[in-house]
Every structure is written in structure tokens, then in C-alpha cells.
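Undergrad: My questions all concern the structure below.
Throughout, read-outs are computed from the coordinates displayed, never taken from laboratory work. The structure displayed is predicted, hence computed values, not measured ones. Positions of Cβ are generated from backbone atoms using ideal geometry, with glycine treated the same way; all protein chains shown enter the neighbour counts.
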């Protein structure tokens with residue numbers, strides 16, 4: 001009886017229109033997840049969801065969320081996530097779907113996976129660069145990815161410049 | 001369509017099949033739709049997430065059968081499609097498709113309560129032949145009653161077939177109806193599959209279907225023909241071509 005264990009689910013929210021991502025906030029996401037779980041698994045699901053569930057991290061630029069679930073029932077609650085078709089935030093309905101990328105036992109493991117995933121995304125963006133300057137920026141941010149917390153900011157800047165360039 | 005394929009590539013799917021549904025009605029001589037060439041539909045194929053190859057797009061035909069004469073086993077129009085699927089609507093048809101028909105996939109309807117029960121004998125026959133049963137999950141995402149039917153039908157199927165030879169497919173019409181592979185694996189558990197079976201349903205069984213389709217098109221999987229850019233003949237590639245067979249040209 002040493003440690004209370006949770007599972008952290010790294011999800012990506014996909015929308016058809018990137019500008020809508022910026023309107024998300026963590027409470028809207030939490031509400032959407034709870035509603036979906038209640039719809040699919042009823043009262044049992046909403047009871048399980050109220051134990052230790054929360055949205056730990058939300059990145060509006062890239063659409064990455066960390067959700068925390070208790071270890072004993074995370075599969076059940078995870079199975080309700082595909083049924084989410086839209087999130088309502090500030091009166092607007094954003095059609096989206098959740099794509100789960102990774103399940104980890106701690107936030108640190110999820111963060112490590114996220115860094116690797118972001119570097120892969122940057123690599124994917126490299127061939128699409130329009131000019132040399134963007135290419136250089138992307139290469140620099142790939143090289144500077146690390147666990148020290150600088151990676152996320154570098155990635156966000158890249159993403160924004162890519163969107164403007166596109 | 002372009003956004004669908006791009007989303008699929010982003011989620012990590014390496015092969016995608018575009019489905020054409022053909023429902024022969026009482027009117028005879030209805031033409032089987034011919035598939036549009038992929039290059040016209042899509043253009044630049046996006047690269048799959050996590051790999052360095054572009055996504056592979058195939059054509060697939062689903063024939064909704066309400067009579068035995070609807071499906072002709074060696075019709076020439078079927079050659080243009082890479083995958084063949086059949087959707088039987090009665091018990092007798094189900095039996096014939098499992099045992100006799102030369103298809104890759106048998107679709108199990110998810111939009112209505114099954115009009116017949118599954119029996120072990122035809123299902124085992126189909127499993128031996130390599131035919132898979134398909135469950136689609138897009139209707140479950142849309143509507144509550146559809147969800148009930150989907151889960152009911154799939155649990156029924158699992159009881160008879162023990163989770164072998166199942167594939168889960170999204171009958172997605174928009175890019176927002178696709179789901180990632182881990183999510184589909186979890187959905188499979190909801191549908192009654194065990195966890196290992198569910199993972200297989202998304203990965204190895206699907207690959208088995210593609211190989212089955214390729215061997216169905218060729219002569220026992222030994223000789224296959226390739227399209228050539230020139231109009232001149234001589235194109236059979238593959239290990240051995242028996243001298244008696246003339247290479248078929250396209």
C-alpha cells in the first residue's frame with residue numbers, strides 16, 4: 001500500500017480546421033470527456049470518472065492533452081474516448097476527434113514520448129518548407145529538443161510559422 | 001477524399017481502401033460501378049506517420065446480396081477492384097458466401113438487428129478458407145441505437161467464431177469519423193473481442209486480407225501481371241510462368 005498509481009493518457013485532438021484549436025480550454029475538454037463517459041458507460045462510468053480524472057496539460061497550438069485516469073479502470077474510460085465527436089467551448093461547437101498516442105504511468109514518461117513525437121513531426125514538416133529560413137529554424141529546433149522544457153516552446157513557434165507560411 | 005486520406009496517413013494507417021457499394025436491385029443488367037483511378041481522386045499521396053513510404057490506396061467493392069444470383073464469381077468488372085466484399089442478408093446466403101463464394105471479406109451488418117443467427121459450421125468453413133468478417137464502427141459513433149445494434153451483432157459473432165478472422169473497419173465518410181489504431185483496439189474490446197484478438201483485428205488480420213486478395217487475383221499466387229506503360233505485350237513478372245499459359249496484358 002505504498003503509492004497511488006494513475007495512468008496518463010496522451011491524446012491528440014484532431015480538428016479539420018487548425019484555427020479552431022486555439023479556442024479549446026481544459027475545462028471544456030474535461031466536460032466533453034465526462035459527458036462521453038456518462039453517455040457510454042452510464043452512472044458507473046461517471047462515478048469512476050470522478051475519482052482522479054483531470055486534464056493535466058493542454059496545448060492549444062498543437063492539440064495535445066494529458067488526461068489522468070486511475071489505474072484500475074483506465075481502459076473502460078479510455079474506450080469511451082473514441083465516441084467524442086465534438087467539444088463545446090465558450091458557446092461554440094468544435095467538431096473533433098481524439099487520437100490516443102501513448103499511455104504512461106507518470107507524466108515524465110509521457111513527456112519523453114511527446115518530445116520524440118514532436119521531433120518526428122518536425123521531421124515530417126521539413127520537406128514541406130517553403131524557404132530556407134524556415135528550414136533552418138526547424139533544423140535548429142530539432143537539435144534543441146530535450147527534457148529541460150525548452151522543446152515545447154520551440155515546437156509551438158515552428159508550428160505557428162509553418163501555418164503562416166502555408 | 002483528400003482530407004480523409006491525409007488524416008488516415010497522419011493517424012498511422014499504411015493502407016486504405018476506398019469502398020464502392022453495389023446493390024443489385026430487381027432491375028437486371030445494372031452495371032457494376034467501375035472504380036475511379038486513384039491518381040485522379042487524390043493527387044499526391046501523403047506519407048504515413050512513423051514510416052517513410054506514402055500511404056497505399058486500394059479500391060474495394062462491396063456487393064449487397066439478397067439473392068444468390070447477385071454475385072457472379074468471375075465477372076470481369078470485379079477485376080478492377082483490389083478487394084472484394086459481400087454483404088449477405090439471409091441465412092442461406094450467409095452459408096453460401098462462407099463456403100463457396102470467392103471473396104475476401106464478409107460484411108456483418110451493423111445498422112439493423114441481425115435477421116439470422118450465426119452457426120458454427122459455415123463460420124469455421126470461412127475461417128479455414130481465409131475469409132474474414134468485417135465490423136464497421138462509424139455508425140456506432142453517430143447514433144445510440146446503431147451502437148446497440150453494433151455491439152449486439154458483434155457479441156453474437158464473437159460467440160460463434162471466438163474472435164478469429166475479424167477486422168474492424170471504419171466506414172468513414174468524413175475525415176472526422178476516423179479513429180487511431182489504439183482507439184480502435186479498445187473499441188474491439190467493447191465489442192467482445194479479447195485484447196490480443198482486438199489488436200490482431202487491426203493489424204495482422206488486415207494484412208492477411210490484403211494478401212488473400214492478391215492471391216485471389218493471381219493463379220494460386222505464383223504468377224502475377226504488372227501494368228506496363230507501353231502498349232506492347234510481354235509483361236508477366238513473377239517466379240514461374242507455366243509455358244502453356246500466355247501472359248495476360250493490361
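Undergrad: Once you've got the GNM for chain A with C-alpha springs shorter than 10 Å, pick whichever of A:44, A:57, A:74 has the biggest mean-square fluctuation.
TA: A:44
Undergrad: Above 28 Å lies some portion of the pair distances; for chain A, what is it as a whole percent of all C-alpha pairs?
TA: Beyond 28 Å sits 27 percent of the P(r) for chain A.
Undergrad: Then there is this: Using the Kirkwood radius over C-alpha pairs as Rh, can you work out the diffusion coefficient of segment B:105-177 via Stokes-Einstein at 4 °C, viscosity 1.567 mPa s, in µm² per second? Don't skip to the end; give the middle numbers.
TA: Numbers: Rh = 12.7 Å.
In µm²/s, the coefficient is 102.
Undergrad: How many nm is it between the label spots at residue A:143 and residue A:123, if each spot is 7 Å from the Cα in line with the beta carbon?
TA: Placing both labels 7 Å along Cα→Cβ, they lie 1.7 nm apart.
Undergrad: Okay, moving on. For chain A, what is the mean residue ellipticity at 222 nm derived from helices alone (per DSSP H run of n ≥ 4: -39500 (n - 2.57); sum divided by total residues; nearest 500 deg cm²/dmol)? Show your work: numbers first, answer last.
TA: On the way: 5 runs with 79 residues, N = 166.
It comes out at -15500 deg cm²/dmol, rounded to the nearest 500.
Undergrad: So if R0 is 45 Å, what FRET efficiency would residue B:2 and residue A:4 give, r being the distance between their Cβ atoms, rounded to the nearest 0.05?
TA: FRET efficiency, residue B:2 to residue A:4: 0.45.
Undergrad: For residue A:50, project a label point 7 Å along Cα to C-beta. Then give me every residue of segment A:6-35 with its amide nitrogen under 20 Å of that point.
TA: A:27-35
Undergrad: Right, next: Build a GNM of chain A with springs between Cα atoms under 10 Å: which of A:47, A:28, A:80 gets the top mean-square fluctuation?
TA: Looking only at A:47, A:28, A:80, the largest GNM fluctuation is found for A:47.
Undergrad: Let me ask another. Which value in Å does the Kirkwood hydrodynamic radius of segment A:11-61 take, with 1/r averaged over all unlike C-alpha pairs and then inverted? Could you put the intermediate results ahead of the total?
TA: Values: mean 1/r = 0.0830 Å⁻¹.
When all Cα pairs of segment A:11-61 are included, the Kirkwood radius is 12.1 Å.
Undergrad: Given a Förster distance of 45 Å, report the FRET efficiency between residue A:107 and residue B:111 from their Cβ-Cβ distance, rounded to the nearest 0.05.
TA: Working: r = 42 Å, r/R0 = 0.93.
Taking R0 as 45 Å, the efficiency between residue A:107 and residue B:111 is 0.60.
Undergrad: Report, as a whole number in µm² per second, the diffusion coefficient that Stokes-Einstein gives for segment A:31-104 at 37 °C and 0.692 mPa s using the Kirkwood radius over alpha carbon pairs. Walk me through the intermediate numbers first.
TA: Numbers: Rh = 12.9 Å.
For the chosen part, D equals 255 µm²/s.
Undergrad: When chain A is treated as a GNM, springs tying every alpha-carbon pair under 10 Å, which of A:116, A:90, A:27 comes out with the largest mean-square fluctuation?
TA: Residue with maximal mean-square fluctuation among A:116, A:90, A:27: A:90.
Undergrad: With a cut-off of 15 Å, note down the residues of segment B:170-205 whose backbone N falls inside the zone around a label point 7 Å from the Cα of residue A:86 toward its beta carbon.
TA: The answer is B:176-177.
Undergrad: Between residue B:14 and residue A:25, what is the FRET efficiency for a Förster distance of 35 Å, r being their Cβ-Cβ separation, to the nearest 0.05? Numbers along the way, then the final one.
TA: Working: r = 35 Å, r/R0 = 0.99.
That pair, residue B:14 with residue A:25, gives E of 0.50.
Undergrad: If you don't mind, there's one more thing I want to ask. What Kirkwood hydrodynamic radius do you get for segment B:90-223 when you take the inverse of the mean 1/r over all pairs of distinct Cα atoms, in Å?
TA: Working: mean 1/r = 0.0654 Å⁻¹.
Evaluated over segment B:90-223, this radius sits at 15.3 Å.
Undergrad: Let me ask another. At 7 Å along the Cα-to-beta-carbon direction for both residue A:130 and residue A:115, put a label point, then send me their distance in nm to one decimal.
TA: Taking the two extended label points, one gets 3.2 nm.
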